[in-house]
Amino acid sequence: MSPRKIIIDTDPGQDDAVAILLALASPEDVEVLGITAVAGNVPLPLTEKNARIVCEVAGRPDVKVFAGCDAPLIRPLVTAEHVHGKTGLDGPARPDPTMPLQDQHAVDFIIETLRTQPSDTITLCPLGPLTNIATAFQKAPDIVERVHQIVLMGGGFFEGGNITPSAEFNIYVDPEAAEVVFRSGVSIVMCPLDVTHKALTDRTWIEKMESLGTLAGHMVAGWTDFFERFDVAKYGSTGAPLHDPCVIAYLIDPKLFDGRFINVEIETKSDLTLGMTVADWWRVTDRKPNALFLNSVHRDGLFDLLSERIARL
Ligand code: BDR
Ligand code: CA
């Protein structure tokens with residue numbers, strides 16, 4: 001089978017960084033047509049810069065990186081420096097990237113790609129707030145039916161939220177954008193906290209990454225080590241959840257995951273539950289299913305995959 005053509009829409013973020021490395025290390029499975037940065041974990045000038053840092057760590061300065069929306073559709077930006085550090089990619093220091101940022105706006109790149117590539121061949125992989133994707137759908141409604149699938153990290157239900165008691169960060173930052181995407185009719189696969197909180201790093205794996213003796217291995221070890229301290233302190237867990245790599249891992253080996261095709265709606269009104277992904281897991285409504293909601297992962301299989309692929313870089 002030829003590799004799936006994907007666009008990674010991202011707000012790096014250490015876990016975004018590992019996801020990008022996993023994708024770039026897996027050319028037989030995914031062809032990365034471009035990386036589109038969005039404001040999220042940190043403001044846009046940092047996320048686009050971080051995306052280029054990651055490409056250079058992968059030895060891939062040829063990858064096209066685009067800057068997109070610098071704020072949610074209608075709300076002020078909420079960021080997560082408390083998790084990811086001041087730069088968004090705190091951990092081992094890296095020089096500023098020298099590879100170029102593309103001139104084209106990320107939203108226009110998404111639209112152009114969907115219009116010029118054969119219909120039903122492009123998978124969108126959002127790893128941050130859904131602002132770029134929703135903006136593209138609003139600006140060019142004709143592209144919606146051309147999307148093959150959206151595989152995203154976002155939401156949570158039984159696991160609750162991480163930025164508020166009921167909302168996960170990516171959806172909370174731009175709930176109106178999430179609503180546009182979840183109501184678009186495009187086939188959606190979601191990696192919510194219910195699955196990503198089972199994708200926990202551990203010491204042995206971090207040490208294994210370091211012992212690869214490569215730049216990529218060293219950076220993955222340092223990034224996840226940095227990221228881990230926050231989650232261990234917050235949840236008392238053994239390691240850090242590699243949220244965003246679940247999206248790419250799903251594309252490579254969907255058998256690692258399990259879930260249910262259900263209706264998911266986004267709360268956009270209530271102050272208390274803003275950004276909640278209201279998942280009809282028990283199918284108690286007659287609302288139409290619109291998303292495959294993943295809730296379990298073969299944890300060791302996921303980390304074996306990551307180890308094997310990161311070692312290639
Ligand atoms: C999501 O929010 C960000 O902090 C992570 O990169 C991930 O995409 C988890 O809630
Ligand atoms: Ca992210």
Item to check | Answer residue from the range 23-45, given it is outside any loop (DSSP other than H, G, I, E, B) and over 19 Å from Arg60 (Cα atoms) and is nearest to ligand 1 (Cβ to nearest atom) among those | outcome: Leu44
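What strands (runs of 3 or more DSSP E) lie completely within the range 255-313 and have 1 or more residues being among the basic types (Lys, Arg) and within 27 Å of His148 (Cα to Cα)?
Details: elements: 257-262, 264-266, 277-279, 291-297.
By residue number, 257-262.
Quickly run through the range 100-130 and pick out the residues that are away from ligand 1 (no atom under 16 Å from the Cβ), outside any helix (DSSP H, G or I) and of a type outside the set (A, V, I, L, M, F, W, C). Show your work before the answer.
First, pick out the residues of the range 100-130 that are away from ligand 1 (no atom under 16 Å from the Cβ): 100-123.
Now narrow it down to the ones that are outside any helix (DSSP H, G or I): 100-105, 117-123.
Those that are away from ligand 1 (no atom under 16 Å from the Cβ), outside any helix (DSSP H, G or I) and of a type outside the set (A, V, I, L, M, F, W, C): Pro100, Gln102, Asp103, Gln104, His105, Gln117, Pro118, Ser119, Asp120, Thr121, Thr123.
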Item to check | Considering residues of the range 223-242 that are buried (at least 20 other Cβ atoms within 10 Å of the Cβ) and within 15 Å of Leu89 (Cα to Cα) only, the residue modelled with the lowest pLDDT | outcome: Glu228
Checklist entry - Which one of the conditions (1) part of a helix (DSSP H, G or I); (2) open to solvent by 20 Å² or more (accessible area, probe 1.4 Å); (3) under 17 Å from Ile188 (Cα atoms) does Cys246 fail to meet, given that it meets all the rest? => result (2)
Checklist outcome for this item: If we keep only residues of the range 2-57 that are in contact with a Lys or Arg (Cβ under 8 Å, 6 or more places away or on another chain) and small (Gly, Ala, Ser), then the residue nearest to ligand 2 (Cβ to nearest atom) is Gly34
Item to check | Out of Thr214, Thr285, Thr224, Thr273, sole residue that is polar (S, T, N, Q) and within 16 Å of ligand 2 (Cβ to nearest atom) | outcome: Thr224
Checklist outcome for this item: Within the range 174-200, residues of a type outside the set (A, V, I, L, M, F, W, C), open to solvent by less than 40 Å² (accessible area, probe 1.4 Å), more than 16 Å from ligand 2 (Cβ to nearest atom) and in contact with a helix residue (DSSP H, G or I) (Cβ under 9 Å, 6 or more places away or on another chain) come out as Glu176, Ser184
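Go through the range 178-194 residue by residue and tally those that are away from ligand 1 (no atom under 14 Å from the Cβ) and of a type outside the set (Asp, Glu).
Taking the range 178-194 first, the residues away from ligand 1 (no atom under 14 Å from the Cβ) are 179-189.
Filter once more, keeping what is of a type outside the set (Asp, Glu): 180-189.
Final tally of qualifying residues: 10.
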Item to check | Of residues in the range 151-173 being β-branched (Val, Ile, Thr) and surrounded by fewer than 24 Cβ atoms within 10 Å (Cβ to Cβ), the one farthest from ligand 2 (Cβ to nearest atom) | outcome: Thr164
Next on the checklist: I'd like to check something: does the range 262-271 contain any residue that is surrounded by fewer than 24 Cβ atoms within 10 Å (Cβ to Cβ), β-branched (Val, Ile, Thr) and over 21 Å from Gly161 (Cβ atoms)?
Outcome noted: no
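Taking the criterion of being open to solvent by less than 30 Å² (accessible area, probe 1.4 Å), polar (S, T, N, Q) and away from ligand 1 (no atom under 16 Å from the Cβ), would at least one residue in the range 4-22 satisfy it? Show your work before the answer.
As a first pass, look at the range 4-22 and keep what is open to solvent by less than 30 Å² (accessible area, probe 1.4 Å): 6-22.
Next, from what is left, pick out any that are polar (S, T, N, Q): 10, 14.
Remaining after also requiring away from ligand 1 (no atom under 16 Å from the Cβ): none.
No, the range 4-22 has no match at all.
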Checklist entry - Inside the range 72-94, can you point out the residues that are away from ligand 1 (no atom under 14 Å from the Cβ), open to solvent by 40 Å² or more (accessible area, probe 1.4 Å) and touching a residue at least 60 places away in the same chain (Cβ under 8 Å)? => result Leu73, Ile74, Arg75, Arg94
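The values are calculated or read from the model by the stated rules, or taken from the named source; none is laboratory data. Note that the coordinates shown come from a computational prediction; the quantities given were computed from them, not determined experimentally. In this analysis, Cβ positions are derived from the backbone assuming ideal geometry, glycine residues included, and neighbour counts consider all displayed protein chains. Note: accessible area is taken over every heavy atom of the protein model, side chains too, but ligands, DNA and RNA are not part of it. Shrake-Rupley method; radii C 1.70, N 1.55, O 1.52, S 1.80 Å.
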